[in-house]
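The values are calculated or read from the model by the stated rules, or taken from the named source; none is laboratory data. These numbers come from a predicted model, not from an experiment. FYI the Cβ positions are ideal-geometry reconstructions off the backbone, even for glycines, and counts take in every protein chain you see.
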């Protein structure tokens, strides 16, 4: 049984590279193994401005018109053919990825590395990047790309499951030393989530490396040691904070040039590094090859948030993972331009900016 669904809806539409407006468009219809969701909250991600401004036009998105947005939560309002795992009214948090399900990587569980990336005909989806996204009142999603959440989690908080999932995936790859010390480079939303997830998984102390307002925000949100890159040498400061030993794990969450080498210099012998930040394609770093080998430093690239959403939701539902205080600004869809400007220019201490296409909960 499906609820009464309107034929048209409000959506953020990119008519061409670098332009956007709010338009009235048709509500999509779910296909087999898909559901139609009423989108209740969308968090602006650091990758959204590049998509909106056309920085990767032809790839993200592959064509216009296009609706971006991938960090979202909402409620199921209609079921496509053969859907049995969800019911109308289910509260769900989404993720951007759905692999083809048949390539080697998908079969191995690495659907974020799907070998049929971009091939819609193979069943692959990357919502908000190559497939229509969440800055709309409604959107269709594969049942493989949504996860149930209880009423203990608000829709605004549910929109941050994706962000927390990136941190969770990175920490699963590197591991966390119980009672150890972690350095996080970049006190943005991913960095804050990484700090909190590291503590949940057993880290005793987190050293946050950054600058200005976001570094101060990190102090309020739980960092034990602050390293201001505008005042001190970050590698030297982290080493001093660990008695010269170095941290057990370092997480690069900024994507800035030079930070990979900083992370290498911060970790102890046998230390591990997770690269969660997304640098521009132009960033190329030379690394101390011999030093990395001789000290058995492991470096992990981190891509998206596969197989962790249910774990993140469980931590949020239990109260162990708090995300509410990262949400600093909320806007209706009609004010997307202001929301984007607030996020991009970090106005009024913006950390996570949330857009509500269907009004407040």
**Request:** Select from region 46-59 the residues that are touching a residue at least 24 places away in the same chain (Cβ under 8 Å) and surrounded by 16 or more Cβ atoms within 10 Å (Cβ to Cβ) and list them in ascending order.
**Result:** 46, 47, 48, 51, 52, 53, 54, 57
**Prompt:** Can you name the number of the only condition in (1) closer than 15 Å to residue 72 by Cα; (2) surrounded by 20 or more Cβ atoms within 10 Å (Cβ to Cβ) that residue 360 fails?
**Reply:** (2)
**Request:** Output the residues belonging to region 24-45 that are surrounded by fewer than 17 Cβ atoms within 10 Å (Cβ to Cβ) and either within 27 Å of residue 190 (Cβ to Cβ) or without any contact (Cβ under 8 Å) to a residue 40 or more places away in the chain (or both).
**Result:** 24, 26
**Prompt:** Would you pick out the residues in region 327-361 that are outside any loop (DSSP other than H, G, I, E, B), in contact (Cβ under 8 Å) with a residue 40 or more places away in the chain and in contact with a helix residue (DSSP H, G or I) (Cβ under 8 Å, 6 or more places away or on another chain)?
**Reply:** 327, 330, 340, 343, 344, 349, 352, 353, 354, 355, 356
**Request:** Could you pull out the residue among 179, 165, 170, 133 that is surrounded by 24 or more Cβ atoms within 10 Å (Cβ to Cβ), modelled with pLDDT of 95 or more and not in a helix (DSSP H, G or I)?
**Result:** 133
